[in-house]
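For reference, the structure is listed below as structure tokens.
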Amino acid sequence: MSYLEYRVKTVPTGWRKVLFINWGLIVLIIGAAFSGFVMLISVAGGSLDPWASAQIQRFSIGLLAMFIIAMTPIWIWRNLSVPIYIVALLLLLLVEFLGSTGMGAQRWINLGFINLQPSEVAKVALVMLMAAYYDWLPTDKVSKPLWVLVPVIFISLPVLLVLQQPDLGTSILLLISGVIVMFLAGVHWVYFGTVIALTSGFVVALFKSRGTEWQLLQDYQFLRIDTFLDPDKDPLGAGYHITQSKIALGSGGWTGRGFMEGTQSRLNFLPEKHTDFIFTTIAEEFGFIGTLSILAIYVGIIIFCLHSALRHKERFSSLLSLGLTVTFFLFFAVNMSMVMGLAPVVGVPLPLISYGGSAMLVLMGAFGLIQSAHVHRPRGNI
């Protein structure tokens with residue numbers, strides 16, 4: 001029996017694919033999304049409008065899209081990696097000319113039914129392309145300088161375009177995701193040591209550039225760094241957001257104030273209570289137990305994804321699943337660190353819980369890719 005015949009006979013087909021979906025992962029995803037719906041109702045004063053109803057609709061569409069993507073053979077997504085990456089770059093370029101501006105940044109394209117944020121699409125597209133590249137590249141060439149340069153270009157293009165918006169937080173997440181895929185693919189550690197050294201030099205140059213004609217960051221971005229280092233320096237100005245966030249986190253105690261009983265969110269002391277700072281609303285209303293429950297759901301999702309990724313024999317499926325899992329981890333790790341004052345404030349939402357269309361739909365698509373790799377993994381007896 002040939003290898004191809006072996007694969008055809010051991011990869012699920014037809015209606016049998018449903019039996020091999022990672023249902024445990026879906027339960028956890030629904031649990032996280034449901035928690036988000038509850039909190040959006042809470043911050044809206046007990047009403048489905050204006051946030052919860054729209055979020056439920058987006059999640060329903062995303063869930064359907066996830067199943068469609070999961071049922072599509074993984075090799076199709078491998079072949080579409082380059083076109084999807086090109087589309088993501090074109091969308092990032094389009095933002096520069098047709099993008100709508102919000103909160104000082106030009107990040108969205110108004111499609112009528114949704115404000116699309118191309119940088120969210122770029123996060124998944126980059127991981128797909130990197131996984132396809134290393135699946136194509138022979139393993140003995142992975143650490144050759146010429147072949148290392150190619151993925152560096154792949155990473156640099158979306159990172160630079162996102163920096164132009166400007167969106168420092170997302171550009172850093174793109175950079176880290178791409179570098180981690182390179183590491184997982186087996187690129188020699190010397191390259192990463194060089195990157196760390198260059199990054200250290202860049203950080204020094206970044207701070208030296210402040211107040212000069214060649215300043216590398218916007219003034220508000222330097223202000224965020226100052227606020228992170230000393231939020232009490234300007235508690236009613238630049239440090240207001242993080243100060244109110246810490247008050248909300250601490251006031252919840254073990255069990256919280258109760259559903260819709262949070263003073264920081266109800267009295268509008270808490271900024272962006274339905275998006276970036278929704279985790280602090282959870283902490284205030286449901287306390288340490290509530291936040292620990294959300295963290296447990298996220299850890300469960302990570303475990304399910306890693307368990308699936310580590311069982312793949314195909315390089316593309318393995319790197320894709322691992323890369324998307326790392327991207328998901330960075331989402332909630334950065335958001336939680338930000339609202340607790342452990343990282344500067346950046347525009348990174350809490351996955352599956354924060355209000356937002358692009359982030360929700362793209363993330364559900366990413367889970368669909370992980371499911372597709374899981375469903376179409378060759379098995380012994382079907």
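The values are calculated or read from the model by the stated rules, or taken from the named source; none is laboratory data. Quantities reported herein were computed from a predicted structural model and do not represent experimental measurements. Heads up, the Cβs are rebuilt from the backbone with ideal geometry, glycines too, and the neighbour counts pull from every protein chain shown.
So is Lys17 over 16 Å from Cys305 (Cβ atoms), surrounded by 17 or more Cβ atoms within 10 Å (Cβ to Cβ), of a type in the set (Lys, Arg) and at pLDDT below 90 or not? Considered against the rule, which asks whether it is over 16 Å from Cys305 (Cβ atoms), surrounded by 17 or more Cβ atoms within 10 Å (Cβ to Cβ), of a type in the set (Lys, Arg) and at pLDDT below 90, Lys17 comes out as yes. Only a single criterion out of (1) over 16 Å from Val95 (Cβ atoms); (2) touching a strand residue (DSSP E or B) at 6+ places or on another chain (Cβ under 8 Å) is not satisfied by Ala131, namely (2). The residues of the stretch 143-166 that are closer than 22 Å to Ile84 by Cβ and in contact (Cβ under 8 Å) with a residue 40 or more places away in the chain, listed by number, are Phe154, Leu157, Pro158, Leu161, Val162, Gln164, Gln165. The condition (being modelled with pLDDT under 90 and either over 23 Å from Leu352 (Cβ atoms) or in contact with a Phe, Trp or Tyr (Cβ under 7 Å, 6 or more places away or on another chain) (or both)) is satisfied by just one residue among Phe113, Phe97: Phe97. For the stretch 318-368, filtered to residues that are of a type outside the set (A, V, I, L, M) and at positive phi, the residue that is surrounded by the fewest Cβ atoms within 10 Å (Cβ to Cβ) is Gly341.
Each residue in the stretch 42-99 was checked for being part of a helix (DSSP H, G or I) and on the phi > 0 side of the Ramachandran plot, and 0 pass.
Residue-by-condition table, conditions (1) at pLDDT 90 or above; (2) assigned to a helix (DSSP H, G or I); (3) in contact with a strand residue (DSSP E or B) (Cβ under 9 Å, 6 or more places away or on another chain):
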site	(1), (2), (3)
Ile302	yes, yes, no
Arg311	no, no, no
Ser321	yes, yes, no
Met338	no, yes, no
Arg377	no, no, no
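Please indicate, with yes or no, whether at least one residue in the stretch 269-281 is closer than 30 Å to Ser81 by Cβ and over 24 Å from the mean Cα position of the chain (by Cα). There is no residue in the stretch 269-281 that is closer than 30 Å to Ser81 by Cβ and over 24 Å from the mean Cα position of the chain (by Cα).
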